[in-house]
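Bear in mind that the values in this text are calculations on the coordinates, not laboratory data. This structure is a prediction, so every number in the text was calculated from the model and none was measured. Ideal geometry is used to build each Cβ from the backbone, glycine not excepted, and the neighbour counts take in all protein chains shown.
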């Protein structure tokens, strides 16, 4: 999964996967989800619109791509 700013700068990237999303809410070391920080640093991204791209292989071995926009609010 990659997340990009409106200018095309990649602000988050991960190749990790978890099916336990609740653990990412309480575990500060979860790197399978974006916490709103730029490149996993200490600086939070400004509110606004961001694009995401998710590439995965499904259980049948078919490559799937999902793209869209998210709005980060504070």
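Starting from a Cα-only point model with no solvent, please compute log10 I(q)/I(0) by Debye for segment 2-72 at q = 0.20, 0.21, 0.24 1/Å.
The Cα Debye sum returns log10 ratios of -0.93, -1.01, -1.20.
What percent does the relative contact order of segment 2-72 come to when contacts are Cα pairs within less than 8 Å and at least six residues apart?
With pairs under 8 Å counted, the relative contact order is 29 percent.
Suppose the chain between residue 58 and residue 7 were pulled fully straight at 0.36 nm per residue; how much longer would it get relative to their current alpha carbon spacing? Don't skip to the end; give the middle numbers.
Values: separation 51, 0.36 × 51 = 18.36 nm, distance 3.04 nm.
Gain on extension, residue 58 to residue 7, equals 15.3 nm.
Show me the ranking of peptides 42-51, 55-64 by mean Cβ neighbours inside 10 Å, starting with the highest. Spell out each step's value before the answer.
Numbers: 42-51: 12.8, 55-64: 8.3.
Answer by packing, highest mean first, reads 42-51, 55-64.
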